[in-house]
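Structure first, then comments.
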Amino acid sequence: MIIDSYRLGKIEVADDQIYNFSEGLVGFPSMARFAFFVHQEWAPFMFLQSLDLASLAFVVAESSRFFPSVNFPLASKDLDCIELNETDVPKIYLILTLYKQIELTTANLKGPLILNERRKLGRQIVLLNERYPTKAKIFEFEEV
């Protein structure tokens, strides 16, 4: 499938890269269909690109890559929402904010994205615990 991306132009993505976020994302409740993909120039970061709005895209990273010891509390209702069963392991991604100085890049630990890779379903959760910052520097994070 060819999708439009405001930042990257036309991008080809496979069906297995498309996820449904039935409740959308925080601030974008009507945007449900997104593609996850790596662009060579941006690795190890990934893009989360809306299929419905070319100008809506986020740079994301798998949480375990930059925050391997951070455990995100996942409520059973959140896991049920993306149809995870006892054998599924959720993938957790974080939305990043990039700066010209790459060492200043931050991740939003308060609003992680939880994915069911088998069913291609996703959900963004909001953690109310103050231990999870919205702007954690990915290159110098202190454990929570």
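Got a sec? Which of 44, 73, 68 is assigned to a loop (DSSP other than H, G, I, E, B), modelled with pLDDT under 95, surrounded by fewer than 12 Cβ atoms within 10 Å (Cβ to Cβ) and in contact with a helix residue (DSSP H, G or I) (Cβ under 8 Å, 6 or more places away or on another chain)?
Among 44, 73, 68, only 44 is assigned to a loop (DSSP other than H, G, I, E, B), modelled with pLDDT under 95, surrounded by fewer than 12 Cβ atoms within 10 Å (Cβ to Cβ) and in contact with a helix residue (DSSP H, G or I) (Cβ under 8 Å, 6 or more places away or on another chain).
A quick yes/no check of all residues on (1) farther than 21 Å from residue 81 by Cα; (2) among the small types (Gly, Ala, Ser):
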{"residue": "1", "(1), (2)": "yes, no"}
{"residue": "11", "(1), (2)": "yes, no"}
{"residue": "24", "(1), (2)": "no, yes"}
{"residue": "27", "(1), (2)": "no, yes"}
{"residue": "35", "(1), (2)": "no, yes"}
{"residue": "44", "(1), (2)": "yes, no"}
{"residue": "48", "(1), (2)": "no, no"}
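Can you give me the number of residues within segment 81-134 that are assigned to a loop (DSSP other than H, G, I, E, B) and not basic (Lys, Arg)?
27
Could you tell me whether segment 76-99 includes any residue that is of a type in the set (Phe, Trp, Tyr) and closer than 28 Å to residue 2 by Cα?
yes
Return yes or no: is residue 114 under 20 Å from residue 45 (Cα atoms), touching a Cys at 6+ places or on another chain (Cβ under 9 Å) and β-branched (Val, Ile, Thr)?
Spelling it out, residue 114 is indeed under 20 Å from residue 45 (Cα atoms), touching a Cys at 6+ places or on another chain (Cβ under 9 Å) and β-branched (Val, Ile, Thr).
Which residue out of 71, 129, 116, 108 is touching a residue at least 24 places away in the same chain (Cβ under 8 Å) and more than 23 Å from residue 33 (Cα to Cα)?
Values: 71 fails: touching a residue at least 24 places away in the same chain (Cβ under 8 Å); 116 fails: more than 23 Å from residue 33 (Cα to Cα); 108 fails: more than 23 Å from residue 33 (Cα to Cα).
Answer to the selection: 129.
The values are calculated or read from the model by the stated rules, or taken from the named source; none is laboratory data. Source: prediction; values computed, not measured. Cβ atoms come from the backbone with ideal geometry, glycine included; neighbour counts cover every protein chain shown.
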